[in-house]
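> Sharing a structure below in structure tokens format, with a few things to ask.
Where a number appears in this text, it was derived from the coordinates with a stated rule and is not lab data. It should be emphasised that the depicted structure is a prediction, and the values quoted were computed from it without experimental measurement. Glycine gets a Cβ as well: all are built from the backbone with ideal geometry, and neighbour counts include every protein chain shown.
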Amino acid sequence: MKFKGYERLDGSVGVRNIILVMAVADCSEPVARMIADGIDGAVAITQHYGCISGEMVANTLIGVGENQNVGAVLLVEMGCEGMPAHALGKIIKKTGKPVDWISVQELGGTRNAVTRGKQIVTSMSKEVLGLERKEFDVSRLVVGVKCGGSDTSSGLAGNPAVGDFVDKLVDAGGAAIMSEPIEAVGAEEPLARRARNEEVRKKIYKMISDEEKRWSVPGAQMEFMCKGNVDGGLITIEEKSLGAIHKSGSRPIMDVLENTDRLLEKVPEGGGFFLQDGTHLEPMTMSFMAAAGAQIVIFVTGCGATFGHAIVPIIKVTGNPETYRRMSQDIDINAGTIMNGEESIDSVGQRVFNEVLEVASGKPTLGETFGYHNFSVFRRDPRLEVLLKISR
Amino acid sequence: MMMNSKDNVATALENLEAGVVASVIFPSQEVIREVTTKQAIPFGHKIAMMVIKKGDKVIKYGEVIGTASQNIELGEYVHIHNVKSNRMQMPEVWYRKEE
């Protein structure tokens, strides 16, 4: 099986050709937006932890800049951030793609920065957008899987169909990644049984128990499921988790990828299914998976969802026939046919696979047709990690 | 739909009224038995497939999803009022109490 992607100078393969205008902190976000506005292929992003955002945020921004879907990067800084644009830019530049950076303070303010930024991005656009798609084997794909706004249909139909796709992808030599440790609480055993070796088995237990500690601090009121989950029939974290892990398929778990202030580990070459330490919060997880090298993310929803992502196309799947009927303008794949007894899990899994190959070759997802490019990042509070005695 | 033969709950694939007889199927669509609803069961919510005593495990997907916090009869609605997580409890928040 083949798809048509963009070959990068470092040999990696993208499925989109994005010119990323990255404000390293939210103070310069408006300038980044003004620069990207009106230029073909340009997308502006930032992070909202301010100018002393920490290393986990820096790792994510570097990772998304390095992502194969990104053809070129302009970093924009105010000039006094703890995380300077050139420090991030120099690392991203090692991929060989065009990377540049500007300082709003050095250039003398908004108008000058926007003018200079637009010159750089326009020239990047000319350089990058002419690139032609070439045929690649499906083994070059890394696909993220995520579910959210889950209801009972997610565990019965949507996630099993996506899990079936993951098995088919892995069997064809591709890679898949899932990053939502809290949605593994109560599902440790079925995941641990799939660990490639004892070391990976231990990593799975540690990742899940660490996340359980973070979300169940005595005396702290933390909601970890949404109201839609309960209204949709899911009553405990165990039930939600056992349904959620269906989308990870059944193949061996190759590794748990580290995602800390020290390191955001990438999906290695060679294919297989990987867990990533991270979060269950949707657009943030997608940024993590993109930073680890996912080119596409499949999102399974029960209640329905309308978003996209700045770096990776999001293919939306629902197992709830009523949700699909109501929101077919936003949801790419109807797995509700499984709930109705009209179609097998294997058949829907194959439809998901076909859609992934088409989207990888350039077909826009419904979210992309609306121009959605959500972007947010997540960080753990290093103080909490110390207080909870969570070792790396 | 009953996900695994070890399960003691099944999921309603449509809104069920109280006192109706529903067919129970496996994911393969094989019909395995019938159950009479004691209460209305909304789409996607769960019904007890046997008597589940207070303190017994509630099983779905062949795995434990929580513990019964009250005695549950065959055909009864299984939801947050009669099952508690063994791992993490959701807090009550003011904006939900206001509803």
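> Take every DSSP beta bridge whose two residues both sit in the stretch A:138-369, then give the antiparallel share in percent to the nearest 5.
Values: 1 of 27 bridges.
Bridges in the stretch A:138-369 are about 5 percent antiparallel.
> Something else now. What residue among A:Asn67, A:Asn197, A:Asn17 has the largest mean-square fluctuation in a Gaussian network model of chain A, using Cα springs under 10 Å?
Largest GNM mean-square fluctuation: A:Asn197.
> Springs between alpha-carbon atoms under 10 Å, Gaussian network over chain A: tell me which of A:Met327, A:Met124, A:Met254 tops the mean-square fluctuations.
A:Met327
> How far apart, in nm, are two points set 7 Å out from the Cα along the Cα-to-Cβ line at A:Gln105 and at B:Met50?
For A:Gln105 paired with B:Met50, the spin-label model returns 7.0 nm.
> Sticking with this structure for a sec: Of all beta bridges DSSP finds with both residues in chain A, what is the antiparallel percent, to the nearest 5?
Working: 7 of 48 bridges.
Here the share of antiparallel DSSP bridges comes out near 15 percent.
> By its C-alpha gyration tensor, with a ≥ b ≥ c as the square roots of the eigenvalues, how is the stretch A:145-272 shaped: rounded for a/c under 1.5, else prolate for a/b larger than b/c, else oblate? Don't skip to the end; give the middle numbers.
Numbers: a/c = 2.01, a/b = 1.21, b/c = 1.66.
Here the stretch A:145-272 falls in the oblate category.
> From the residues A:Ser250, A:Cys303, A:Ala176, which one has its Cα farthest along the dipole of the stretch A:138-369 in the positive direction, the dipole being from +1 and -1 charges on Cβ of Lys/Arg and Asp/Glu about the Cα centre?
Value: A:Ala176.
> Any chance you could check the Cα centroid distance between the stretch B:21-99 and the stretch A:223-265 for me, in angstrom?
What the calculation gives is 21 Å, centre to centre.
> Calculate the translational D of the stretch A:91-173 in whole µm² s⁻¹ from Stokes-Einstein, where the hydrodynamic radius comes from the Kirkwood formula applied to all Cα pairs, the temperature is 4 °C and the viscosity 1.567 mPa s. Intermediate results must be reported in sequence, preceding the final value.
Values: Rh = 17.6 Å.
Rounded to a whole number, D works out at 74 µm²/s.
> How high is the relative contact order of chain A, in percent, with contacts defined as C-alpha pairs under 8 Å that are six or more residues apart?
Working: 908 pairs, mean separation 82.7, N = 392.
21 percent.
> Kindly list the residues of the stretch A:275-299 that lie in the label zone of A:Arg262, defined by a backbone N under 18 Å from the point 7 Å along the Cα-to-C-beta vector.
A:276-278
> For the modelled label position 7 Å from the Cα of B:Lys57 along Cα-to-Cβ, which residues of the stretch A:187-201 have backbone nitrogen atoms closer than 19 Å?
Counting only backbone N, you get A:187-194.
> Test of understanding: ordering A:Thr279, A:Thr301 by Cβ neighbours within 10 Å, fewest first, what list do you get?
Working: A:Thr279 21, A:Thr301 28.
Ascending Cβ contact count within 10 Å gives the list A:Thr279, A:Thr301.
> Give me the net charge for the shell around A:His48: Cβ to Cβ below 11 angstrom, other residues only, Lys and Arg +1, Asp and Glu -1. Intermediate results must be reported in sequence, preceding the final value.
Working: positive: A:Arg379; negative: A:Asp26, A:Glu29.
So the environment of A:His48 carries a net charge of -1.
> Would you mind counting up the charge near A:Leu366? Only other residues with Cβ under 13 Å from its Cβ, with Lys and Arg at +1 and Asp and Glu at -1. All intermediate terms of the calculation are to be shown ahead of the outcome.
Details: positive: A:Lys316, A:Lys363; negative: A:Asp330, A:Asp332, A:Glu355, A:Glu358, A:Glu368.
Taking every other residue near A:Leu366 into account, the sum is -3.
> Give a quick list of trypsin sites (Lys or Arg not before Pro) in the stretch A:240-324 that DSSP marks as loop, anything other than H, G, I, E or B, with at most 13 other Cβ atoms within 10 Å.
Details: sites: A:Lys240, A:Lys247, A:Arg262, A:Lys266, A:Lys316; in loops: A:Arg262, A:Lys266.
When the trypsin sites (Lys or Arg not before Pro) of the stretch A:240-324 are filtered for loop state and at most 13 Cβ neighbours within 10 Å, A:Arg262 remain.
> For the stretch A:138-369, divide the Cα radius of gyration by the Kirkwood radius and give the resulting Rg/Rh value with two decimals. Can you show the working numbers first?
Numbers: Rg = 16.3 Å, Rh = 17.3 Å.
Computed over Cα atoms, the ratio is 0.94.
> Across peptide A:369-375, what mean number of C-beta atoms from other chains lies inside 10 Å of a residue's C-beta?
Numbers: counts 0, 0, 0, 0, 0, 0, 0.
That average works out to 0.
> At 0.36 nm per residue, minus the direct Cα-Cα distance, what do A:Cys80 and A:Met1 gain on full extension? Give it in nm, one decimal, please. Before the final figure, lay out the partial values.
On the way: separation 79, 0.36 × 79 = 28.44 nm, distance 4.89 nm.
Between A:Cys80 and A:Met1, full extension yields an extra 23.5 nm.
> Can you compute the modelled spin-label distance between A:Leu129 and B:Ser69, with each label point 7 Å from Cα toward Cβ, in nm?
Between A:Leu129 and B:Ser69, the label points sit 5.7 nm apart.
> A further question on this structure: Could you pull out the GluC sites (Glu not before Pro) across the stretch A:145-229 that fall in loop regions by DSSP (anything but H, G, I, E, B) with no more than 13 other Cβ atoms inside 10 Å? Walk me through the numbers before you get to the answer.
Details: sites: A:Glu183, A:Glu188, A:Glu198, A:Glu199, A:Glu211, A:Glu212, A:Glu223; in loops: A:Glu223.
Hits after loop and neighbour filter: A:Glu223.
> Could you work out, residue by residue across A:144-156, how many beta carbons of other chains sit within 10 Å of that residue's beta carbon, and then give the average as an integer? Intermediate results must be reported in sequence, preceding the final value.
Values: counts 0, 0, 0, 0, 0, 0, 0, 3, 10, 4, 1, 5, 7.
Mean partner-chain Cβ count within 10 Å for A:144-156: 2.
> Which of the pairs B:Lys60/B:Lys84; A:Lys146/A:Lys389; A:Lys247/A:Lys389; A:Lys146/B:Lys54; A:Lys203/A:Lys247 have their Cα atoms more than 24 Å apart in this structure? Please report the intermediate quantities before stating the final value.
On the way: B:Lys60/B:Lys84 14 Å; A:Lys146/A:Lys389 28 Å; A:Lys247/A:Lys389 31 Å; A:Lys146/B:Lys54 35 Å; A:Lys203/A:Lys247 20 Å.
From the list (B:Lys60/B:Lys84; A:Lys146/A:Lys389; A:Lys247/A:Lys389; A:Lys146/B:Lys54; A:Lys203/A:Lys247), the Cα-Cα distance tops 24 Å for A:Lys146/A:Lys389; A:Lys247/A:Lys389; A:Lys146/B:Lys54.
> Still on this model: For the stretch A:1-156, what is the relative contact order in percent, using Cα pairs closer than 8 Å and at least 6 residues apart in sequence? Mind showing how you got there, number by number?
Values: 277 pairs, mean separation 45.4, N = 156.
29 percent.
> Run through all the Cα pairs of the protein assembly as shown and give the fraction in each 20 Å bin from 0, expressed as whole percent.
24, 53, 21, 2
> If you count, for every residue in B:12-25, the Cβ atoms of partner chains within 10 Å of its Cβ, what is the mean? Mind showing how you got there, number by number?
Numbers: counts 2, 8, 3, 0, 0, 0, 0, 0, 0, 0, 0, 0, 0, 1.
The per-residue average across the peptide is 1.
> Counting other Cβ atoms within 10 Å of each Cβ, which GluC sites (Glu not before Pro) in the stretch A:310-350 have at most 16 and sit in a DSSP loop?
On the way: sites: A:Glu322, A:Glu342, A:Glu343; in loops: A:Glu342, A:Glu343.
In loop regions of the stretch A:310-350 (DSSP not H, G, I, E or B), the sparsely surrounded GluC sites (Glu not before Pro) are A:Glu342.
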